[in-house]
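Novice: Below is one structure. I have some questions about it.
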Amino acid sequence: MRKMTSRQPWFLQKIFSFVACAGVALTLASPVAAQANPNPEDPPPEFVGQVVDQLIDVIKKDEAARKLDLARINQIVGEYVLPYVNFEKTTRLAAGKYWRQATPEQQTALADAFRNTLIRTYSGALTRVDDGTSMTIMPFRGDASANDVVVQSQVVESSNSSPVRIDYRLEKTPQGWKIYDINVENIWLIQNYRNQFSQEISRNGIDGLIAALNKRNSSN
Amino acid sequence: MSTVQFRNVLAGLACSVLAGCAAVGNEPNPADPWEGSNRNMYAINDAVDKAIVRPVTELYAFLVPRPVRTCVLNMFVNITEPWSGLNSILQERGHDGINTLGRFLLNSTAGIGGCIDVASTTGQPRIANDFGITLGVWGVPSGPYLVLPIIGPSTVRDGLSDIPNLYGNQIITIGLINDVALRNSLWGLEFVARRDALLPISKTVDSTALDPYSFIRDAYLQRREAMIRGNLQDAEQLPDYEDFEAIEADEKALGMKEDTPQ
């Protein structure tokens, strides 16, 4: 279906993109300045802003990604998202009390499987980036000296669409800040996987959960 | 048959009809005592969606360019703003209520009937609200999770609230149009436009959820709870995940446990 949406009759595209430009896009278009790599040692709001700005910028400029080439988008996620995310912690918290029952090998396998699920989640979101996509970091609320903080942001997916609220939860590590949980419109990711994880583990054990995640990842 | 026996039979019937008790797995979720029947309704909704609603919506998305679809959706959302604003006021969130009404006035005029969300670009994003949230703020418990026909995820409280919501959002807005064909066409278009806005979410659920039913249920309940608490308190209302690695680290520091990899 993704292919379909990008193939409207050309004349309609021309007419509508003209209308959109004249009416809306002018007020929204904000040039994204070229930046250095995000610095995890910066304060969390700046750090998250750098990560997301860089990501949106890369997608906007990448021909293959703009054509919704999922392989390329996965590659971009690997390069521009993964280094700043602590997947192991995300997986550990989603597994909750079961984490301790897992062997170290199972823990590694589980984190790998869940990482692929999360890559698919991010990739899905990134296929919707277009020229009108923009992001604003909200003023930081909370304790600036804490080791566990939340950075709030608003993402406008496409010109004139309603802003989506996205929050990032970060933890201070010896290597600087790392994102480990994400909230989209009041739904925390880890929270949302906890029941699914415990459901699967109580039925089929930890290996069953790993198998289920891998099966999910290899389908469609 | 004594009254007590009769009651037990009734309870048993209600249990099997409403909850499909036997169908539910080992650990029943306290928020979802009717999981069995909810899963059945979910399956029906999903089948109808995949067979009819989604194909129609995807055709709409194929034929109509994104800026136009955004405009159409914005207009439908705009006419529900007064009802959102009224609910904010009923929740003693007067500031939100005023902002929502301000959005309605600005978007209806400068935004050409709501087509352009001028208010969001000037720093006032939409504050979604409805009567279910109002009841929640007033202390009415959500009751069990409930999957409704067509509408989908809900709770007993939210489901009942959909009646006043329908009145405030639809009956006294589009419902006032006398031309039946036009009115029904608008409702049809609104349904498709709202489904279209949810397509990306459906795709994400399809490609990432282990159990789409639980995924949608937990997302719905989480979001509604957060809306009742209000956005302002979010920073203090973070989920508290028990981190068993931190516990292990503590134990290690106390010399209670050997080091484990990772």
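Novice: Criterion first (surrounded by 18 or more Cβ atoms within 10 Å (Cβ to Cβ) and at pLDDT 95 or above) does B:GLU35 satisfy it?
Specialist: Judged against the criteria, B:GLU35 is a match.
Here is a yes/no grid of residues against (1) more than 27 Å from A:GLU41 (Cβ to Cβ); (2) in contact with a Ser or Thr (Cβ under 9 Å, 6 or more places away or on another chain):
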{"site": "A:TYR122", "(1), (2)": "no, no"}
{"site": "A:ALA125", "(1), (2)": "no, yes"}
{"site": "A:ARG128", "(1), (2)": "yes, yes"}
{"site": "A:MET135", "(1), (2)": "no, yes"}
{"site": "A:PHE140", "(1), (2)": "no, no"}
{"site": "A:VAL149", "(1), (2)": "no, no"}
{"site": "A:SER153", "(1), (2)": "no, yes"}
{"site": "A:GLU157", "(1), (2)": "yes, yes"}
{"site": "A:PRO163", "(1), (2)": "yes, yes"}
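Novice: Failed condition for A:ALA125, given (1) at pLDDT 85 or above; (2) facing another protein chain (nearest Cβ under 8 Å), with all others met?
Specialist: Condition not satisfied by A:ALA125: (1).
Novice: So, in the range A:169-220, how many residues would count as being more than 7 Å from chain B (Cβ to nearest Cβ), within 20 Å of the chain's Cα centre (by Cα) and of a type in the set (Asp, Glu)?
Specialist: Qualifying residue count for the region: 2.
Novice: Filter the range B:114-126 down to residues that are touching a Gly at 6+ places or on another chain (Cβ under 8 Å) and assigned to a loop (DSSP other than H, G, I, E, B) and give me whichever is farthest from the other protein chains (Cβ to nearest Cβ).
Specialist: That would be B:GLN124.
Novice: Is it true that B:ALA43 is modelled with pLDDT of 90 or more and in a loop (DSSP other than H, G, I, E, B)?
Specialist: So B:ALA43 does not fit the description; no.
Novice: Just to be sure, is A:SER134 surrounded by fewer than 18 Cβ atoms within 10 Å (Cβ to Cβ) and polar (S, T, N, Q)?
Specialist: no
Novice: Restricted to the range B:232-246, and to residues that are outside any loop (DSSP other than H, G, I, E, B) and more than 8 Å from chain A (Cβ to nearest Cβ), which residue is modelled with the lowest pLDDT?
Specialist: Going through the qualifying residues, I end up with B:LEU232.
Each row is one residue, and each column tells you yes or no for (1) modelled with pLDDT under 95; (2) over 18 Å from the mean Cα position of the chain (by Cα).
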position: B:ARG195; (1), (2): no, no
position: B:SER207; (1), (2): yes, yes
position: B:TYR220; (1), (2): no, no
position: B:GLU225; (1), (2): yes, no
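Novice: Sticking with this one: Which ones in the range A:111-142 are among the aliphatic types (A, V, I, L, M) and part of a helix (DSSP H, G or I)?
Specialist: Correct list: A:ALA111, A:ALA113, A:LEU118, A:ILE119, A:ALA125, A:LEU126.
Novice: Of all residues in the range B:41-96, how many are of a type in the set (A, V, I, L, M), more than 24 Å from B:LEU166 (Cβ to Cβ) and either within 14 Å of chain A (Cβ to nearest Cβ) or touching a Lys or Arg at 6+ places or on another chain (Cβ under 8 Å) (or both)?
Specialist: So the answer is 5.
Novice: Any idea which of (1) of a type outside the set (S, T, N, Q); (2) more than 30 Å from A:ARG120 (Cβ to Cβ); (3) not in a loop (DSSP other than H, G, I, E, B) is the one B:GLY111 doesn't satisfy?
Specialist: (3)
Novice: Restricting attention to the range B:193-205, does a residue exist that is surrounded by fewer than 17 Cβ atoms within 10 Å (Cβ to Cβ) and over 20 Å from A:ARG128 (Cβ atoms)?
Specialist: no
Novice: Now a separate question. So, in the range A:54-102, exactly how many residues are outside any helix (DSSP H, G or I) and either touching a Ser or Thr at 6+ places or on another chain (Cβ under 7 Å) or within 14 Å of another protein chain (Cβ to nearest Cβ) (or both)?
Specialist: 3
Here's the yes/no breakdown for (1) of a type in the set (A, V, I, L, M, F, W, C); (2) closer than 19 Å to A:PRO38 by Cβ:
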{"site": "A:ARG72", "(1), (2)": "no, no"}
{"site": "A:GLY78", "(1), (2)": "no, yes"}
{"site": "A:LEU110", "(1), (2)": "yes, no"}
{"site": "A:ASN116", "(1), (2)": "no, no"}
{"site": "A:GLY124", "(1), (2)": "no, no"}
{"site": "A:MET138", "(1), (2)": "yes, yes"}
{"site": "A:GLN152", "(1), (2)": "no, yes"}
{"site": "A:VAL155", "(1), (2)": "yes, yes"}
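Novice: Restricting to the range B:206-225, name every residue that is surrounded by fewer than 21 Cβ atoms within 10 Å (Cβ to Cβ), at the interface with chain A (Cβ under 7 Å from one of its Cβ atoms) and part of a helix (DSSP H, G or I).
Specialist: B:SER207, B:PHE215, B:GLN222, B:ARG223
Novice: Considering only residues of the range A:143-168 that are small (Gly, Ala, Ser) and part of a loop (DSSP other than H, G, I, E, B), which is farthest from the chain's Cα centre (by Cα)?
Specialist: A:SER145
The values are calculated or read from the model by the stated rules, or taken from the named source; none is laboratory data. Predicted model only: the values in this text are computed from it and were never measured. Backbone-built Cβ (ideal geometry, glycine too); neighbour counts: all protein chains shown.
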